[in-house]
Structure formats: structure tokens, C-alpha cells
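J.: Can you keep this structure in mind? I'll have questions shortly.
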Amino acid sequence: MASTVIIRFGEFTLKGKNRSFFENTLVNVIRRRMKAFPDVEVQHASGRVILKLNGTPFGQVAGVIDTVFGLSSYSPAELCAADADAIRETALAVMKSLSPPPATFKVKVRRAHKGFPLTSMEMNHVVGRHVLVNMPGLKVDLHNPDVELNVEIRDNGAYVFCETFQAQGGFPLGTNGRAMLLLSGGIDSPVAGFLAMRRGLHVEAVHFHSFPYTSERAKQKVVELAERLAVYSDGMTLHMVPFADIQTRLKQLGNEKLLVTMVRRAMMRITNRLAERHNCRAIVTGESLGQVASQTLASLAAIERAADLPVLRPLIMMDKQEIIRIAEKIGTFPISIQPYEDCCTLFVPKSPATNPNIAVVERIERRADWMEEEIEKAVGQTETIRVGDPSGAGRKEESVAGYF
């Protein structure tokens with residue numbers, strides 16, 4: 001049973017004087033997401049957001065809450081008057097509604113309304129005694145109870161609940177700036193995008209395609225990944241960059257071992273320019289240290305030097321199984337493993353350099369007097385699309401919260 005939902009803020013509450021900015025931003029995000037449920041009322045209380053469900057199923061609302069960054073937890077609750085008799089009757093009704101019935105319980109009262117005549121400890125006894133008398137066989141266990149019966153007494157009433165769900169945590173979307181995500185069709189980069197958004201970054205995505213060497217279905221796969229990530233934001237902007245000409249001409253320079261390094265440096269240059277045009281202040285990649293030849297420390301350093309903006313790598317110290325586990329949780333994994341090649345799989349040498357000499361790379365690039373023109377051409381021909389519906393979050397049973 002639940003007539004309301006109590007939502008608690010996350011770690012940004014430690015931000016001191018900036019707390020109100022983070023809170024107001026997050027409340028606005030929740031209001032936008034709850035437009036999918038016209039009967040739900042959103043109220044901003046001290047340190048909380050309260051949702052009055054007005055008949056809307058909790059499971060549907062929970063599916064949306066689980067897509068909002070910056071929340072620590074939430075609880076479905078029954079609201080009653082801030083009166084001792086009303087509280088104990090509501091507490092009993094909540095306990096009797098549990099299925100299967102618990103064998104043990106404990107009561108935890110939080111008295112946020114300091115004008116309430118009884119202390120938290122006194123209310124613990126009032127509520128606990130009433131439940132015990134009316135539920136024969138139920139016992140108190142203060143250390144490891146089957147159910148923790150919570151009562152939160154506030155100025156506008158008392159909230160009674162037994163369940164608390166972990167939310168996504170992190171920071172409200174966009175409160176830490178904007179960044180451009182290098183989104184391939186693989187497993188890693190969507191996870192990096194998710195983690196970047198979770199830290200409060202508003203993320204746009206850029207994808208490099210090599211049509212006709214790669215198929216239209218490969219492009220559609222990336223659109224689907226962006227749509228999945230857009231569930232956690234108010235939609236997502238995706239920039240599709242034609243890259244076949246640059247890849248082909250880089251291959252013609254003749255240094256096979258350094259081809260991967262030069263290709264990725266060209267990607268960095270293009271991404272840097274797109275990021276600056278769209279007011280992004282960083283580049284996000286899905287690189288993980290040592291995973292492939294282009295992700296050794298020497299390779300990462302050589303590639304990063306092609307960008308002026310900071311390069312953020314959320315996955316840098318994760319192993320593949322950790323990354324896959326998150327990809328499965330957020331729903332990108334089944335899309336990523338679809339068998340459609342992206343541009344990164346083209347022209348890959350048998351033995352790519354793992355310790356590229358940056359001086360040699362730059363000397364070869366100086367021979368490519370066409371590079372600047374081709375980069376500007378690719379930027380100019382970039383197709384920009386908007387994907388995702390922020391209200392399409394799914395049901396509670398499809399929730400991905402609680403991973404972190």
C-alpha cells in the first residue's frame with residue numbers, strides 16, 4: 001500500500017552553499033519526468049521530494065525515479081495525520097498489508113517536526129506496542145528484523161513505510177557541465193556515457209561511421225544505444241560523422257602499425273571541434289587501461305594530445321566483466337553485441353603499435369597536408385539528430401537502480 005513516495009537527495013547535499021542550486025535543479029528534473037503521470041503531485045519538502053500518487057501505481061512511478069541521477073533512495077509510504085493515534089493505526093495497517101507476513105520487526109521513528117509532543121523514542125514504544133498487541137505471533141528483533149517499520153513525522157503529516165529502494169546516486173543531470181561522448185557500437189562507450197551522466201554531466205554523443213564500408217544497420221545500432229542512454233536524460237543529441245575518406249587516406253600513408261593511433265587522433269580532433277561548437281567542455285571515452293593496443297598508457301597519451309579539451313575516461317581502471325555487468329544493468333549490452341561492425345574494426349593492422357612514438361606519429365601526420373581540409377569537411381557533413389523520450393522509463397521490475 002502506498003499513497004505517497006518519499007524521495008531522498010544524494011551526495012550533493014554536502015555541497016554547502018550550493019545545495020539549493022542542486023536541489024532546485026533536481027526537483028525540476030523530477031517534475032519534467034513526472035509529466036508522464038498527470039495525477040502525480042510533486043512537492044519539495046526540506047531535504048526531500050514528496051510524490052502524492054493519487055491512484056497512480058507505485059511501480060510505474062518507481063521506474064521513472066530509477067532514471068533520475070542525484071537521488072540516494074526512495075520509499076513508498078502511507079501518509080496520515082501527525083497524531084499519535086493516527087500514526088499507530090496506519091502503522092498497523094501497513095504491517096498487516098505485508099505479504100508474506102513477517103515474523104520479526106523493529107520500529108524506527110524520525111521526528112522531523114519538532115513541535116510533535118512525543119519524542120522519537122516514545123513514539124517507537126507507542127507504535128511497537130500497538131502492532132505487537134494486534135498481530136499475535138509477531139516479535140521484536142532490534143538487530144536483524146524481517147521488517148523495519150519506519151515513521152517519519154513532518155509538519156504536514158506522518159509517513160509510514162517498510163521499504164526503501166536505492167536510487168542512482170550521483171549528481172543531478174547537467175549540474176557539472178556538458179561533455180561530448182565518443183559513442184561506438186561496442187560495449188564500453190555506452191557505459192562510459194552512463195557513468196558520465198551519473199556524475200552530473202549533460203552528455204552529447206558523436207559517432208564515426210564509414211559508410212559504405214559499414215552498413216546502415218551499424219548506424220541504426222548506435223541510434224538505439226543513444227536512445228537507451230536518453231532514458232536517463234531529457235533526450236540525447238547524437239552527431240553522426242562520415243569518416244570513411246579520412247580512414248582511407250590515413251591507411252594510404254603506409255605506416256600500418258601506427259594506423260590505429262592516427263585514426264583515433266583524427267577522431268579526437270573532430271570531436272574536439274564538435275564539442276566546442278556545442279558548448280561542451282570535455283570529451284568522454286570508453287577506454288579502459290590495457291584492454292586493447294590503443295589503450296596502453298603510451299597510446300592513450302599519444303591520442304589524447306590531439307585534443308585541446310580534457311579527456312575523461314570513466315572506465316579507465318575497470319576490467320571487462322565489471323563493464324559488462326553495468327552494461328547489462330542499464331540495458332545497453334544486448335544492443336552492443338549485435339553483429340554490426342563499426343569503423344573501429346576497419347583496416348586494423350595485425351600488429352598495431354602499443355608504444356607509439358609521438359614524434360614519429362606527428363612527422364607522418366605532417367605529410368598529410370590534406371588533413372585539415374578533410375577534418376573540416378567531416379565536421380561540416382556531420383548529421384545531428386535528437387533521440388529519446390525522457391518519459392519512457394519502464395516499470396519497476398525493469399529498474400536498474402541499486403547497482404551502485
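Listed here are the residues, each with its yes/no results for (1) part of a helix (DSSP H, G or I); (2) outside the structural domain of residue 10 (by TED's automatic domain parsing); (3) under 35 Å from the mean Cα position of the chain (by Cα); (4) of a type in the set (Lys, Arg).
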position	(1), (2), (3), (4)
60	yes, no, yes, no
63	yes, no, yes, no
74	no, no, yes, no
77	no, no, yes, no
90	yes, no, no, no
100	no, no, yes, no
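J.: Output the residues belonging to segment 156-198 that are of a type in the set (D, E, K, R) and either at pLDDT below 95 or closer than 30 Å to residue 93 by Cβ (or both).
T.: Pass one, segment 156-198, residues of a type in the set (D, E, K, R): 163, 178, 188, 198.
163, the sole residue that qualifies.
J.: Checking the structure you have, find out if any residue of segment 250-273 is surrounded by fewer than 24 Cβ atoms within 10 Å (Cβ to Cβ), under 23 Å from residue 323 (Cα atoms), at pLDDT below 90 and in the same structural domain as residue 320 (by TED's automatic domain parsing).
T.: No.
J.: Here's another thing I want to ask about it. Would you check if there is a residue in segment 69-76 being among the aliphatic types (A, V, I, L, M), under 20 Å from residue 166 (Cα atoms) and surrounded by 19 or more Cβ atoms within 10 Å (Cβ to Cβ)? Don't jump to the end; show me each part of the working.
T.: Start the filter on segment 69-76 by keeping residues that are among the aliphatic types (A, V, I, L, M), which leaves 71.
Filter again for under 20 Å from residue 166 (Cα atoms), leaving 71.
Still in the running and surrounded by 19 or more Cβ atoms within 10 Å (Cβ to Cβ): 71.
Scanning segment 69-76 turns up at least one residue that is among the aliphatic types (A, V, I, L, M), under 20 Å from residue 166 (Cα atoms) and surrounded by 19 or more Cβ atoms within 10 Å (Cβ to Cβ).
J.: Look at segment 351-370 and say how many of its residues are free of Cβ contacts under 8 Å to residues at least 12 places away in the same chain, assigned to a helix (DSSP H, G or I) and within 19 Å of residue 252 (Cβ to Cβ).
T.: Residues in segment 351-370 being free of Cβ contacts under 8 Å to residues at least 12 places away in the same chain, assigned to a helix (DSSP H, G or I) and within 19 Å of residue 252 (Cβ to Cβ): 3 in total.
J.: So, residue 174, is that one closer than 30 Å to residue 312 by Cα and out of contact with any Cys (no Cβ under 9 Å at 6 or more places or on another chain) or not?
T.: Yes: the conditions hold for residue 174.
J.: Can I ask one more? Given the options 82, 91, 112, 103, name the one that is surrounded by 15 or more Cβ atoms within 10 Å (Cβ to Cβ), closer than 23 Å to residue 142 by Cβ, out of contact with any helix residue (DSSP H, G or I) (no Cβ under 7 Å at 6 or more places or on another chain) and hydrophobic (A, V, I, L, M, F, W, C). Please lay out each step first, then the result.
T.: Values: 82 fails: closer than 23 Å to residue 142 by Cβ; 91 fails: out of contact with any helix residue (DSSP H, G or I) (no Cβ under 7 Å at 6 or more places or on another chain); 103 fails: surrounded by 15 or more Cβ atoms within 10 Å (Cβ to Cβ).
Of the residues listed, the single one that is surrounded by 15 or more Cβ atoms within 10 Å (Cβ to Cβ), closer than 23 Å to residue 142 by Cβ, out of contact with any helix residue (DSSP H, G or I) (no Cβ under 7 Å at 6 or more places or on another chain) and hydrophobic (A, V, I, L, M, F, W, C) is 112.
The values are calculated or read from the model by the stated rules, or taken from the named source; none is laboratory data. Since this is a predicted model, take the numbers as computed values, not measurements. When we count neighbours, we look across all protein chains shown, and the Cβ atoms used for this are built from the backbone with ideal geometry, even at glycine.
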